[in-house]
Amino acid sequence: MAARYSIRIVGDPVLREATPDVSDIDGRLAKLAEDMFDTMYATDTGIGLAAPQVGVQQRFFVYDLEHGDDPRVLINPRITGSDGEWSYSEGCLSIPGLYFDIVRPKTIEVSGLDIDGNEVSFEADELFARLVQHELDHLDGVLMFDHLDGDQARDAKRAIRELQLARSEAAQPGPFRLGRAAG
């Protein structure tokens, strides 16, 4: 499956902006969601992708815990309740290759709209709860390392600087040399 969009990487200002609610659920939104699924599936590791991660400032995300078996869209999501704590090594498509142990509520209650505009509410726990909270953070301009403190935060900032430097160096053209091609 080919990615329809490039996933925005840490450092892109769009990832730090809170999104406004979706006001129109129409064919364009459905097509965008479909393209976001293609982009997420192309990563082979993603189970969720928020609109800001593809540069779209709208309050929704796509997800599929089964990677192809149960794709869903959640529009204008809100957490209406939470309980417990659960620590888990969390990754993010916008911070590739880095994982951080983050404590989040173990169980949450969520409400929002589906792609047909129907109201939905459900309870999620463990990995599903974490996915919803992670994607909702993206909709609020929050990245996973914002949940860290102390040594873990310093280590994360260092790793992110190294990631940004490596990406910057990879984007630079190599030295230009005049010469003849081997024949």
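The values are calculated or read from the model by the stated rules, or taken from the named source; none is laboratory data. The structure presented is a predicted model; accordingly, all values stated were derived computationally and were not measured. Neighbour counts run over all protein chains shown; Cβ positions are idealised from the backbone, glycine included. Just so you know, the surface numbers come from the protein's heavy atoms only, side chains and all, with ligands and any DNA or RNA stripped out. Shrake-Rupley method; radii C 1.70, N 1.55, O 1.52, S 1.80 Å.
Structure notes:
- Taking the longest Cα principal axis of the chain as reference, the axis of helix 27-42 is set at about 60 degrees.
- Using the Cβ-Cβ distance between ALA153 and ASP12 with R0 set to 22 Å, the FRET efficiency works out to roughly 0.60.
- Principal-axis analysis of the Cα atoms of the chain puts helix 126-139 at an angle of about 70° to the longest axis.
- Per-peptide average of other Cβ atoms within 10 Å, ordering 74-82, 58-66 highest first: 58-66, 74-82
- For the range 118-173, the Kirkwood radius over C-alpha pairs fed into Stokes-Einstein at 25 °C and 0.890 mPa s yields D = 176 µm² per second.
- Probe 1.4 Å, accessible area per residue of the chain, Å²: 56
- Helix axis angle, 150-171 relative to the chain longest principal axis, alpha carbon, degrees: 50
- Tail fraction, Cα-Cα pairs, the range 1-55, threshold 14 Å, whole percent: 57
- Two-site label geometry, ARG4 and ASP114: point separation in nm, points 7 Å out along Cα→Cβ: 1.9
- Oblate is the label for the range 54-140, because a/c, from the alpha-carbon gyration tensor with a ≥ b ≥ c as root eigenvalues, is 1.5 or above and a/b does not exceed b/c.
- For the range 94-107, Karplus couplings with θ = phi - 60° (6.51, -1.76, 1.60), whole Hz, Gly/Pro x: 8, 9, x, x, 10, 10, 9, 6, 10, 9, 9, x, 6, 10
- Summarising the amide proton neighbourhood of TYR5: residues at separation of 5 or more, or on other chains, whose placed amide H is nearer than 5 Å comprise THR39.
- Ellipticity estimate at 222 nm from DSSP helix runs (n ≥ 4, -39,500 (n - 2.57)) divided over the chain, nearest 500: -9500 deg cm²/dmol
- Estimated translational D of the chain in µm²/s (Stokes, Kirkwood radius over Cα pairs; 37 °C; 0.692 mPa s): 186
- Cα gyration tensor category, rounded, prolate or oblate, for the range 72-111 with a/c compared to 1.5: oblate
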